[in-house]
């Protein structure tokens, strides 16, 4: 997996004009999603969606708000995502995209809320406690 440098990100095509923004979060990932009506393209950190998220499963997870909202692909999407792993970044992008769609069209709120895309997933990694090996795993007990 190639990670783009800041110089490469600036050279990649970006979208401009009026946009609707939504912030999505999942675990430690934060995604700032901008929705440009009437444009084409889906860019994540300056790269194409299929380049940044190669697995088809992650691409489908990200594009589900468009399917649930029953909107055709007449939006350009620009995403800046950081923190966490690829899976949590994909879910953060989905959350932000759902919020951006709602800011664009308030009538989509009921459909996206019913699908559960507008609620932030509160699950986080549990902290490690002292005296334990992990968050809940205790050291092996020895009789002698």
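No value in this document is a laboratory result; all are computed from the given coordinates. Small disclaimer: the values here were computed from a predicted structure and weren't measured. Positions of Cβ are generated from backbone atoms using ideal geometry, with glycine treated the same way; all protein chains shown enter the neighbour counts.
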Of 138, 103, how do they rank once you tally other Cβ atoms within 10 Å and put the fewest first?
-> 138, 103
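With a/c under 1.5 counting as rounded, go ahead and sort segment 35-74 into rounded, prolate or oblate using the C-alpha gyration tensor (a ≥ b ≥ c being the square roots of the eigenvalues; past the cut-off, prolate if a/b is larger than b/c, else oblate). Mind dumping the intermediate values first?
On the way: a/c = 2.83, a/b = 1.20, b/c = 2.35.
Oblate, because a/c is 1.5 or more while a/b does not exceed b/c.
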Provide the packing ranking of 111-117, 75-81, i.e. peptides ordered by the mean count of other C-beta atoms within 10 Å per residue, highest first.
-> 75-81, 111-117
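May I ask you to compute the full-extension gain from residue 18 to residue 135, defined as 0.36 nm times their residue separation minus their alpha-carbon distance, rounded to one decimal in nm? Numbers along the way, then the final one.
Numbers: separation 117, 0.36 × 117 = 42.12 nm, distance 4.61 nm.
Working it through step by step, the gained length comes to 37.5 nm.
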Grab the Cα-Cα distance for residue 51 and residue 28, subtract it from 0.36 nm times how many residues apart they are, and report the gain in nm with one decimal.
-> 6.1 nm
Given (i) 341; (ii) 153; (iii) 95 as candidate values of volume of the Cα convex hull per residue in Å³, which corresponds to the one derived from the coordinates?
-> (ii)
Among 17-24, 86-93, how do they line up from the highest to the lowest mean number of other beta-carbon atoms within 10 Å?
-> 86-93, 17-24
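From the helices alone, meaning DSSP H stretches of at least four residues, give me the mean residue ellipticity at 222 nm for the chain, per-run term -39500 (n - 2.57), in deg cm²/dmol to the nearest 500. Walk me through the numbers on the way to the answer.
Numbers: 5 runs with 50 residues, N = 144.
Value at 222 nm, helices only, nearest 500: -10000 deg cm²/dmol.
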